[in-house]
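First comes the structure, then the notes that go with it.
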Amino acid sequence: MSTSSKVVSKHYTAAFSLVELLVGLALVLALMAAAAPLFVALGRQSVREGDDTIKWVQGRVAVARLERDLRLASAAGCPFATCGPILEASPLQIVFLQASPSGETPLLIEWEITSTGALMRRWGTCPTLWPSIFPHTLYRDHKTMLEGLRPTSRLRYVLIGGGVASSVARAELTQIDRVVLDASTSSAEAAGSAPVFAVARVGR
């Protein structure tokens, strides 16, 4: 083979290799572009599942704390006359007394489902008189236990004897045997929800 033929062959081989490289890069870019929506969707799905898991854990923590609070409900040491620890019971709020760790004046505890869909826990020192209302200024600590509750979330009250009430008059507060939290949080999945349910016995 002549020298000129060898030079042409080398140039042809180099040009062919460059074309192969460009075609390969184009194919890789095309595959990446086609797969990008899938990766984005998988990433979003992972984030949604992570958010739902966090909400589930937060819900379990809130339920455990509510059950503990009501189990420790006690009017012992209360400075005003009351026949039981529960002072207010409505569909969105329960207020009750809890034994103080120091054994002195009991704590005033409130659990509330707010209009913004949050489950709040508040506590403060028991007042010297039974309040006619329970403003948030009575409490020293305000903690959001759970967010994103659906508007249908409610508290219900199981009475001694088996009746269930959505609210209980002051004269009948001593009839409350158990408190039911029947709630759900909005799920990241379309049209989904995560239930938050608790049945807490009062004072035991």
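Any read-out appearing in this document is the output of simple, stated calculations on the displayed coordinates, not a laboratory observation. Just so it is clear, the structure is predicted and the values come from calculations on it, not from any experiment. For neighbour counting, all protein chains shown are included, and Cβ atoms are generated from backbone atoms with ideal geometry for every residue, glycine included.
Just to be sure I understand the filter: pairs with C-beta atoms under 9 Å, separated by 6 or more residues or on different chains, first member in segment 56-74 and more than 19 Å from Ile86 (Cβ to Cβ) and in contact (Cβ under 8 Å) with a residue 12 or more places away in the chain, second member surrounded by fewer than 16 Cβ atoms within 10 Å (Cβ to Cβ) and not aromatic (Phe, Trp, Tyr). Which pairs pass?
Note: pairs meeting the criteria are Gln58/Glu147; Gly59/Pro195.
Just checking, which of Ser100, Ser74, Ser90 is surrounded by 13 or more Cβ atoms within 10 Å (Cβ to Cβ), polar (S, T, N, Q) and touching a Ser or Thr at 6+ places or on another chain (Cβ under 6 Å)?
Sole residue among the options that is surrounded by 13 or more Cβ atoms within 10 Å (Cβ to Cβ), polar (S, T, N, Q) and touching a Ser or Thr at 6+ places or on another chain (Cβ under 6 Å): Ser90.
Of all residues in segment 153-181, count the ones that are of a type in the set (Lys, Arg) and more than 26 Å from the chain's Cα centre (by Cα).
Going through segment 153-181 one residue at a time, the tally reaches 1.
In segment 135-155, what residues are under 17 Å from Ile109 (Cα atoms) and touching a Lys or Arg at 6+ places or on another chain (Cβ under 9 Å)?
Selection gives His136, Leu138, Tyr139, Arg140, Asp141, His142, Lys143, Thr144, Met145, Leu146.
Go through (1) touching a Pro at 6+ places or on another chain (Cβ under 9 Å); (2) exposed (fewer than 15 other Cβ atoms within 10 Å of the Cβ); (3) not polar (S, T, N, Q) and name the single condition Ile113 misses.
Exception for Ile113: condition (2).
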